[in-house]
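Here the structure is laid out as structure tokens; the discussion comes afterwards.
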Amino acid sequence: MKLCSIVGTRPNFIKLAPISKEIRKKYKEIIIHTGQHYDDKMSNIFFKDMDIPTPDYNLNIHELLHGKQIGMMMIGIEDILLSEQPDTVIVFGDTNSTLAGALSSVKLNIPVAHIEAGCRSYDMTMPEEQNRIIVDHISKFLYAPTSSTARILQGEDVNGDIYDYGDVAVDILNSIKCEKIPSDYILVTIHRPVNADSHIILNRILSALNEVEYDIIFPVHPRTNKVLENFKLKEKYTKIKYVDPMDYHTMISHIKSAKMIITDSGGIQKESYILRTPCITLRNTSEWIETIESGWNKLITQISKQNILDAIKTCKKPAVYIDHFGSVGVSNRIVSSIRENINGNVRKP
Ligand code: UD1
């Protein structure tokens with residue numbers, strides 16, 4: 001069996017790590033990196049830190065509008081798939097690289113396995129929501145991370161087969177030895193276009209964070225950094241500790257030891273839940289409904305200084321924790337199921 005994993009961004013690399021390890025125990029894998037994330041700290045460091053094999057192909061496509069970015073990725077991916085002829089293509093999450101990978105494969109009649117299928121925010125203005133809906137409806141094998149995401153896929157009557165095997169994040173977090181980070185701090189990440197591209201929203205968030213009693217550690221995404229620098233916001237809000245994007249071990253250790261998390265990332269909401277750190281999410285909706293319903297994650301739908309300060313003041317660990325993301329061994333279950341499926345179902349372009 002020959003599988004092709006297609007990745008391009010930081011959250012794709014993280015999910016690839018345990019899957020790639022599992023594939024390579026028995027089968028052949030080729031990795032295509034679209035180049036969407038290219039900074040050392042957004043890309044290379046993850047391959048090194050998580051022991052992911054160097055990609056066989058790097059398309060080096062970045063810094064473009066979405067249509068052009070996805071189109072150019074598809075052109076590059078198509079050529080590679082035609083020459084490599086994998087049995088199945090694996091895509092991860094909801095990024096432009098995920099969509100380009102899935103579309104290029106179905107056009108060649110190569111089955112697509114989608115890892116982290118069925119997540120929905122029901123906000124079609126989010127590029128990630130557009131991407132995952134399309135990918136879920138063209139994939140052959142859908143690996144839902146939770147029972148609620150599996151139910152969403154059933155409700156949408158998708159064509160592919162749905163597997164409720166748990167979330168690969170459980171395997172990843174289980175394999176990491178966290179360091180204890182001293183001091184009382186809040187860990188902050190912001191990168192969604194709706195927050196990160198607006199200096200007005202960033203001003204509101206930072207003005208609140210600049211006033212709280214805890215230390216604030218803020219690993220800054222390159223997208224957000226552009227606006228912070230253009231509007232001189234780092235000079236304005238000096239109590240905040242702005243740091244470069246962290247490698248995965250450091251990030252996970254910081255999530256685990258934090259007093260609380262403030263984020264707009266999908267992945268970090270889930271990681272803080274699994275690591276049992278309460279979370280405040282700066283978005284209208286969340287794909288991880290269980291984290292909200294259980295009280296571990298609180299949405300701030302109207303971003304204002306006062307709403308953020310109030311949420312920080314009232315944030316505490318709920319007494320009850322339920323294991324919503326499954327048990328260790330998710331990657332093994334996924335790779336075994338791809339193997340079983342393509343045994344009787346090999347389709348070549
Ligand atoms: C992308 C994904 C998002 C994911 C996020 C994780 C899409 C539509 N969005 O958002 O789902 O949660 O990655 O980080 O695919 N940049 C750099 N260096 C880098 C990477 C990006 O300078 O290594 C710059 C880009 O040139 C661009 C901006 O940051 O100007 C945004 O990058 P982009 O690829 O559009 O998406 P992200 O915001 O990173």
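The values are calculated or read from the model by the stated rules, or taken from the named source; none is laboratory data. All of these numbers come straight from a predicted model, not from anything done at the bench. Note: ideal-geometry Cβ built from the backbone for every residue, glycine included; neighbour counts use all protein chains shown. Protein only, heavy atoms only, side chains kept; ligands, DNA and RNA dropped before computing areas. Shrake-Rupley method; radii C 1.70, N 1.55, O 1.52, S 1.80 Å.
The residues of region 173-209 that are among the basic types (Lys, Arg), modelled with pLDDT under 95 and closer than 21 Å to LYS241 by Cβ amount to a single one, LYS180.
State whether the residues of region 197-216 include one that is in contact (Cβ under 8 Å) with a residue 12 or more places away in the chain, in a strand (DSSP E or B) and crowded, with 19+ Cβ neighbours inside 10 Å. Yes, some residue in region 197-216 is in contact (Cβ under 8 Å) with a residue 12 or more places away in the chain, in a strand (DSSP E or B) and crowded, with 19+ Cβ neighbours inside 10 Å.
A count restricted to region 142-199 and to residues that are out of contact with any Phe, Trp or Tyr (no Cβ under 8 Å at 6 or more places or on another chain) and among the hydroxyl-bearing types (Ser, Thr, Tyr) stands at 6. Among residues of region 52-70 that are under 11 Å from TYR38 (Cα atoms) and open to solvent by 80 Å² or more (accessible area, probe 1.4 Å), those with a beta-carbon under 8 Å from a residue that is assigned to a loop (DSSP other than H, G, I, E, B) and within 12 Å of the ligand (Cβ to nearest atom) at least six positions away or on a different chain give the pairs ASN60/GLY35; ASN60/TYR38. For region 217-270, filtered to residues that are within 12 Å of the ligand (Cβ to nearest atom) and outside any helix (DSSP H, G or I), the residue that is surrounded by the fewest Cβ atoms within 10 Å (Cβ to Cβ) is ASP244. Here SER286 clears all of (1) among the hydroxyl-bearing types (Ser, Thr, Tyr); (2) without any contact (Cβ under 8 Å) to a residue 60 or more places away in the chain; (3) open to solvent by less than 50 Å² (accessible area, probe 1.4 Å) except the condition numbered (2). Determine if region 101-120 includes at least one residue that is part of a loop (DSSP other than H, G, I, E, B), open to solvent by less than 10 Å² (accessible area, probe 1.4 Å), farther than 23 Å from ARG283 by Cα and not polar (S, T, N, Q). The answer is yes; a qualifying residue exists. Residues of region 168-192 that are in a loop (DSSP other than H, G, I, E, B) and within 16 Å of the ligand (Cβ to nearest atom): ILE190, HIS191, ARG192.
Sub-9 Å Cβ pairs linking a first residue in region 30-45 that is farther than 14 Å from ILE70 by Cα and outside the structural domain of ASP94 (by TED's automatic domain parsing) to a second residue that is open to solvent by 10 Å² or more (accessible area, probe 1.4 Å) and more than 10 Å from the ligand (Cβ to nearest atom), at least 6 apart or interchain, number zero.
Taking the criterion of being of a type in the set (D, E, K, R), surrounded by fewer than 18 Cβ atoms within 10 Å (Cβ to Cβ) and more than 15 Å from ILE6 (Cα to Cα), the residues of region 16-48 that qualify are ARG24, LYS25, LYS26, ASP39, ASP40, LYS41, LYS48. Within the span defined as region 153-167, one or more residues are touching a Leu at 6+ places or on another chain (Cβ under 6 Å), in a helix (DSSP H, G or I), at pLDDT 95 or above and closer than 23 Å to ILE292 by Cα. Can we say THR54 is closer than 20 Å to ASN96 by Cβ and at pLDDT 95 or above? No; evaluated as a whole, the condition is false for this residue. Just checking, does region 327-349 include any residue being open to solvent by less than 10 Å² (accessible area, probe 1.4 Å) and within 21 Å of GLU129 (Cβ to Cβ)? Within region 327-349, not a single residue is open to solvent by less than 10 Å² (accessible area, probe 1.4 Å) and within 21 Å of GLU129 (Cβ to Cβ). When only residues in region 40-74 that are among the small types (Gly, Ala, Ser) and under 22 Å from SER105 (Cβ atoms) count, which is farthest from the ligand (Cβ to nearest atom)? Here the residue is GLY71. Taking region 89-127 as the range and being under 22 Å from GLY326 (Cβ atoms) and either at pLDDT below 95 or not hydrophobic (A, V, I, L, M, F, W, C) (or both) as the test, the residues that pass are GLY93, ASP94, THR98, HIS114, GLU116, GLY118, ARG120, SER121.
Selection over region 49-87 of residues that are of a type in the set (A, V, I, L, M, F, W, C) and touching a strand residue (DSSP E or B) at 6+ places or on another chain (Cβ under 8 Å) gives a count of 5.
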